[in-house]
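The values are calculated or read from the model by the stated rules, or taken from the named source; none is laboratory data. Since this is a predicted model, take the numbers as computed values, not measurements. Because the Cβ atoms are built from the backbone with ideal geometry, glycine has one as well, and the counts that use them run over all protein chains shown.
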Amino acid sequence: MRKVMIADAKQDISTGAGCLVILADEAGHQLLPIMIGEFEARAIAIGLLKEPLPRPITYTFMANALETIGASLEGVCITKRDEGGTFYAVAQFRIGDAVREVDARPSDAMALAVRTGSPIYATDELWQDVAVDISAEMQESLDKQDRSILQERPKKVLTEIFVPKDRR
């Protein structure tokens, strides 16, 4: 398994039917795009931006419920992609000394992870099969910018896409 971070999120302009969440490895050399729905992308964006809401959305409610019952999200692992292009994930929950895995859509698991501060992982097999290398030009740019673009860019991009202009 390798630890990853959410590097970007953008609307899929090729189909207009969804959004992409782009995961990056810790070294910032490879990216893994995952197609998700607009609602889930907004939920991830709001979580990453720590955008205050008047009422909790589903993922905030889930994070609060876990805390209330003394459970925690240990982490999320994106496990595979099937032949049809559907990605799969598991969420690992700790309750006392026991850790249990629950099948999840990657988008739901990531939306909860950003609220709980839990790590996100991808299996090595999935990463080798699906991840794409960052171009030499982008790599050079990242090296010059101390890779902070992978941590700062999501907030800018997510804000532009998902947060109404009057709330920025």
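Looking at the stretch 101-132, which of its residues are part of a strand (DSSP E or B) and of a type in the set (A, V, I, L, M, F, W, C)?
Val102, Ala104, Ile120, Ala122, Val132
Looking at the stretch 83-136, which of its residues are under 18 Å from Leu73 (Cβ atoms), free of Cβ contacts under 8 Å to residues at least 24 places away in the same chain and of a type in the set (A, V, I, L, M)?
Those that are under 18 Å from Leu73 (Cβ atoms), free of Cβ contacts under 8 Å to residues at least 24 places away in the same chain and of a type in the set (A, V, I, L, M): Ala89, Val90, Ala91, Ala98, Val102.
Which number in (1) at pLDDT below 95; (2) out of contact with any Cys (no Cβ under 7 Å at 6 or more places or on another chain) marks the one condition that Ala41 misses?
The number of the failed condition is (2).
Just for the stretch 1-26: of the residues that are of a type in the set (Asp, Glu) and more than 9 Å from the chain's Cα centre (by Cα), which one is modelled with the highest pLDDT?
Asp25
Condition first: of a type outside the set (Phe, Trp, Tyr) and at positive phi. Can you find one or more residues in the stretch 57-73 that meet it?
yes
Test Asp8 against the stated conditions and say whether it is among the charged types (D, E, K, R) and within 17 Å of Ile120 (Cα to Cα).
Here the answer is yes, as Asp8 does meet what is asked.
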